[in-house]
Amino acid sequence: MSNYHIKHLEEYFQVYRKSVRNPESYWEEIAEEHFMWHKRWDNVLSYDFDKPEFKWFEGAKLNITENCIDRHLRTRGDKTAILFEPNNPDEEALHISYNELHERVAKMANVLKSQGIKKGDRVCIYLPMIPELAVSVLACARIGAIHSVVFAGFSSSALATRINDSDCKLVITSDGSFRGSKTIDLKGIVDEGLKKCESVETVLVVNRINAEIDMKEGRDQWLQPLLEKAETTCAPEIMDAEDPLFILYTSGSTGTPKGMVHTTAGYMVYSAFTFKNVFQYREDDVYWCTADIGWITGHSYIVYGPLANGATTVMFEGVPSYPDYGRFWEIVEKHKVTQFYTAPTAIRALAKENLEHVEKYDLTSLKVLGTVGEPINEEAWHWYDENIGKKKSPIVDTWWQTETGGIMISPIPYSTPAIPTFATLPLPGIQPALMDEEGNEIKGNQVDGRLCIKFPWPSMARTIWGNHQRYKETYFSAFKNMYFTGDGALRDSVGYYRITGRVDDVVIVSGHNLGTAPIEDAINEHPAVAESAIVGYPHEVKGNALYGYVILKETGESRNQDNLRKEINQLISDRIGPIAKLDKIQFTNGLPKTRSGKIMRRILRKIASNDTSNLGDTSTLLNPEIVQEVMDNVIK
Ligand code: 6R9
């Protein structure tokens, strides 16, 4: 029986039991058989939930890019590694073979070295979905630099905050990006952001859109001429298993974004193993994940997981609506995509459009459909199943997080019978627990609680960059000897898990995690605003949208409310990015508060969701009379 590739349900249960009975030997066998090491580990796992500290494959030496590229060259050198589909369908797709990827990564790595980047330095990558993005990520890993990819939809101040938090020395960006019929001035955003960053010495600029841009003397350089001069081979830096591979920022319920740190060996083993199983990947498949590499889904399931398996991974530069709503399906037909992985918000948006956009295309190549990022509603699940999978492709509803590094709870296609809206069963090695508010584990089935994981797994984030204390408080303090996910879940009568949503102050809008606190901080900067509270409410396409309650200062009360709304959203756009804009803003004289002064968000959430039948006991509030007033002025 192979531990690495599970092919039916019986096998899943056998493997799962084994993985839980003896996790060390389970992961050891996989690591040994399927990866390339310069030195074997001394110890498979050591951990301490109190510190907290987790070490996998300690003592091992490796380079992840050798596992993702070099070792495939002998057997798959000419096979397409990255299949780049440009924004404009008239521009030719690019098939980058493993041989070519090897050379491109080496050249980029040599350029980084020539700019003084060495092992352990942080490099910020702020690029659109073009091949240079994947190549830059791998080039950093080649030389042991720590990449910090910032999603190119973030604003200049969000970029600056992330660059400063991890003191990046170098930024890789482009002159601009194509997004549907628009172009975006990425370099302008970088220039603005860097006014606040002292650590950055060099900016490397990819020419993507032939824009006229400012190049700052002594700091900015075009990448192309440097690449042309660079050597075509680059010896890999030999890394320790626990050396950091990358930092990726995620929103928290409070304050600044958290730079989740992932390390090398465990992340590699787990992302590769889960890719193989969750997508039932086979040698000649063409796999496509529509996420952006700026998110964890892109890191693990566009770059590292697929390449570690020698797969062909599609990178799409554009958007699902350009030139029309059939674009995704056109690409599936054109490249004969076999696995398709996207987010519920995209499915909902496409389901609203005319079915002609789907029916025009031949989708018979598809074997597995995936979803990730937020709970999928039944209607969207069935639309996906009927119209895209034609009821023949299993759907994998994959639950995981930036912090978990890889998929944690998911069906295994052709093995686990799927039920709409259920992420179903934990993958091998993953031990979920549901906890009550008193800190007790809720055993048995047909129960719900807070979702925790009670045993370490190889790809867990090891710390928050520069703030281990926050890592401890956020994930390991709510429940003893457990990792707390921040999500609620239920376990049904057969033991299937369904994720019910966040139980903290993170709202997932169109699949993007947004902390409410940073948005409130942005709003409160407005001179006319005294106080604000942000909550999520259900939205047909986005899953959740944001609703803001804003108390104005006296000076603001005479102002035109529509103008104020625009200014507030502009401020949010500048501080965080357009994804965090509010759909509705209600101006109010007060907010319901507890006697200790805490805003009662539970009540505000219910009011924003038009669900006021059961507000609970409001009599103990500091200001119970405000509830009716807020309700009377709600924006429908
Ligand atoms: C991979 C990713 C993590 C949060 C997570 C949860 C939500 C992700 C889900 C899901 C229900 C799924 N989430 N997958 N909720 N069903 N299949 O999205 O990482 O951006 O860090 O978000 O997303 O709330 O806690 P990240």
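Here are the numbers:
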| read-out | value |
| --- | --- |
| Prolate/oblate/rounded label for the chain (Cα gyration tensor, a/c 1.5) | rounded |
| Candidates per trypsin sites (Lys or Arg not before Pro) in the stretch 563-629, loop by DSSP, up to 12 other Cβ within 10 Å | 595, 598 |
| Euclidean distance between Cα centres, the stretch 12-48 to the stretch 570-636, Å | 48 Å |
| Contour excess over end-to-end distance, with Cα ends at residue 441 and residue 221 and 0.36 nm allotted per residue | 73.6 nm |
| Theoretical FRET efficiency, 1/(1+(r/R0)^6), r = Cβ-Cβ of residue 32 and residue 212, R0 56 Å, to 0.05 | 0.55 |
| Whole-percent carbon and sulfur share, accessible surface of the chain, 1.4 Å | 46 percent |
| Accessible heavy-atom area order of 386, 403, highest first, probe of 1.4 Å | 386, 403 |
| Heavy-atom accessible area ranking, 1.4 Å probe, most first, across 371, 364 | 364, 371 |
| Per-residue ³J(HN,Hα) for the stretch 60-66, Karplus 6.51 cos²θ - 1.76 cosθ + 1.60, θ = phi - 60°, Hz, x for Gly and Pro | 6, 10, 6, 9, 5, 6, 5 |
| Qualifying GluC sites (Glu not before Pro) for the stretch 44-106 [loop in DSSP, other Cβ within 10 Å: at most 11] | 92 |
| DSSP-assigned coil residues among GluC sites (Glu not before Pro) in the stretch 553-582, each with at most 16 further Cβ atoms within 10 Å | 557 |
| Cα-derived Rg to Rh of the stretch 506-632, Kirkwood definition | 0.95 |
| Length released on extending from residue 4 to residue 612, taking residue separation times 0.36 nm less the Cα-Cα span | 213.9 nm |
| Built amide H within the under 5 Å cut-off of residue 53, gap 5+ | 48 |
| Spin-label model distance (nm) - residue 181 vs residue 283, 7 Å beyond Cα toward Cβ | 4.6 nm |
| Cα centroid of the stretch 473-547 to Cα centroid of the stretch 311-336, whole Å | 30 Å |
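The values are calculated or read from the model by the stated rules, or taken from the named source; none is laboratory data. The shown structure was predicted, so the numbers you read here are calculated from the model rather than taken from an experiment. Don't worry about glycine lacking a Cβ; one is built from the backbone with ideal geometry, like all the others, and counts go over all protein chains shown. Surface areas here come from the heavy atoms of the whole protein model, side chains and all, with no ligands, DNA or RNA. Shrake-Rupley method; radii C 1.70, N 1.55, O 1.52, S 1.80 Å.
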